[in-house]
Amino acid sequence: MSDDEFMKLVKLAQTQSDVEAMNAIFQYFDQDIKRLSKLFRMPKEDAIQSMKTQLLELIMKK
């Protein structure tokens, strides 16, 4: 995905609360999130949810 495409998804998520755009962003980071979840000292699913929540909060901050 190009930087321009990514930024368009971020803008859609921020301004229109576009669920599809947010899902595309989560999909883009999916492999990284799964890999990093192994480093947390908590159940894998909890770590994944925590990272997704943090990513959502970061994107929704303007």
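The values are calculated or read from the model by the stated rules, or taken from the named source; none is laboratory data. Computed from a predicted model, the values in this text were never measured in an experiment. In case anyone asks, the SASA skips ligands and DNA or RNA and just uses the protein heavy atoms, side chains included. Shrake-Rupley method; radii C 1.70, N 1.55, O 1.52, S 1.80 Å.
Between amide H atoms placed 1.01 Å from N, distances below 5 Å from D18 occur with A13, all of them 5 or more places distant or on a separate chain. For the set S17, S2, the ranking by accessible area, highest first and with no ligand, DNA or RNA atoms included, is S17, S2 under a 1.4 Å probe.
Can you give the calculated 222 nm mean residue ellipticity of the chain, where each DSSP H run of n ≥ 4 adds -39,500 (n - 2.57) and the sum is split over every residue, rounded to the nearest 500 deg cm²/dmol? Walk me through the numbers before you get to the answer.
Numbers: 3 runs with 50 residues, N = 62.
After summing the helix terms and dividing by the residues of the chain, the value is -27000 deg cm²/dmol.
Hey, any idea what the orientation-averaged projected area of the convex hull of region 3-60's Cα atoms comes to, in nm²?
Details: hull surface 15.6 nm².
The orientation-averaged projected area of the Cα hull of region 3-60 comes to 3.9 nm².
Compared with the dominant Cα axis of the chain, that is its longest principal axis, helix 3-16 is turned about 80°. Please check: in the Gaussian network model of the chain (C-alpha springs, under 10 Å), which one of Q49, Q27, Q16 has the largest mean-square fluctuation. Its mean-square fluctuation being the largest, the pick is Q16.
Where only protein heavy atoms count, and the probe is 1.4 Å, what is the accessible area per residue for region 3-60 in Å²?
Normalised by residue count, the accessible surface of region 3-60 is 76 Å².
Taking the chain as the region of interest, the number of lysine pairs whose Cα atoms are within less than 18 Å, with members eight or more places apart or on different chains, is 11.
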